Amino acid sequence: MTATPQEATGQARSGLLNIQGVSKHFGGVKAVDDCSLSIAAGTITAIIGPNGAGKSTLMNLIGGLYRPDSGRILFDSADVTALPPHLRARRGLMRTFQISRELAQLTVLENVLLAGQGGRIETPFAAFLIPRKVEREERRLARRAKELLERVGLFRLADMPAAGLSGGQKKLLELARALMLEPKLILLDEPAAGVSPPMVRELARTIRELRDEGITIGLIEHDMELVAELADRVEVLAEGRNLTSGTFHEVTRDSRVVEAYLGGVA
Ligand SMILES: Nc1ncnc2c1ncn2[C@@H]1O[C@H](COP(=O)(O)OP(=O)(O)O)[C@@H](O)[C@H]1O
Ligand SMILES: [Mg+2]
């Protein structure tokens with residue numbers, strides 16, 4: 001069950017993202033307990049498990065919102081365990097964020113443009129010293145923002161306040177925002193939650209296209225149809241620990257997985 005040191009090293013080489021023996025406790029609750037997994041470059045890897053399995057906590061550990069009590073997180077051959085979220089994002093490890101109330105007041109285009117900040121030019125001094133470079137950078141960002149809105153099918157809504165979008169359209173906007181910084185890996189926490197069935201199809205198509213373009217996807221999702229359709233590989237968590245992994249077909253035929261889900265329901 002437990003990986004030998006050799007296996008752990010082998011894993012570290014195989015994945016774009018490698019979680020090695022990570023734990024996170026909240027008081028007495030072991031939300032994530034000695035969890036290890038890798039996400040191979042160019043794949044969609046789903047992380048599933050019953051309620052309370054530790055999926056969201058793991059997501060926050062990967063994104064950098066939480067620091068693990070123990071264990072390491074390697075991304076693109078670098079140890080990012082101690083890096084704050086924005087520095088992980090700059091390395092290409094990106095998670096989506098719900099459109100906040102403040103952002104909802106802005107237009108769809110403004111939302112995407114804002115996500116592009118924190119890129120190359122960051123201080124007011126830079127803007128003062130190199131106005132031409134800033135202008136060029138702003139034009140580039142504006143072009144990219146519009147391309148991304150085309151990409152996720154929201155271009156015709158560019159000037160609408162984000163608050164007016166449907167649940168599914170908001171998820172597409174979150175994706176476009178995440179794409180602004182040209183990530184290598186995007187983490188999605190339940191993208192289909194609260195989204196109408198036709199928009200789930202649209203989201204699924206977009207996620208698959210991104211994977212085909214070479215972006216690696218980590219997907220936490222309850223909707224098993226979506227997981228079946230999208231996931232190249234599935235990691236199952238239960239009570240903060242690795243239960244098993246494999247293809248969707250393999251893990252859903254594993255009696256331990258069935259039991260864990262039934263236990264979660266009870
Ligand atoms: N910030 C927190 N403070 C205290 N307990 C937490 C916190 N976040 C999660 N937990 C607990 O950790 C466990 C795992 O939660 P979570 O990661 O949200 O699971 P999942 O996303 O798989 O449903 C649960 O028992 C939950 O109550
Ligand atoms: Mg959760």
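Bear in mind that the values in this text are calculations on the coordinates, not laboratory data. Please read all numbers here as calculations on a predicted model, not as lab measurements. Every residue, glycine among them, receives a Cβ derived from its backbone with ideal geometry; neighbour counts consider all protein chains shown.
Values computed for the structure shown
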item: Percent of beta bridges antiparallel (DSSP, the chain, rounded to nearest 5); result: 55
item: HN-Hα J in Hz across region 23-28 - Karplus 6.51, -1.76, 1.60, θ = phi - 60°, x for Gly and Pro; result: 10, 8, 10, 10, x, x
item: Per residue Cα convex hull volume in Å³ - calculated over region 5-265; result: 145
item: Potential extension, Phe155-Asp34 segment - 0.36 nm per residue separation minus Cα distance; result: 39.2 nm
item: Distance between modelled label sites at Asp79 and Arg101, nm, 7 Å Cα→Cβ extension; result: 4.1
item: Spacing of the two label points (7 Å from each Cα toward its C-beta) at Glu259 and Asp212, in nm; result: 4.1
item: For region 185-219 versus region 68-105, the gap between their alpha-carbon centres in whole angstrom; result: 18
item: Test item: Cα-centred dipole of region 5-265, Lys/Arg +1 and Asp/Glu -1 on Cβ, debye; result: 860
item: Computed helical MRE - 222 nm, the chain, DSSP H runs ≥ 4 contributing -39500 (n - 2.57), nearest 500; result: -12500 deg cm²/dmol
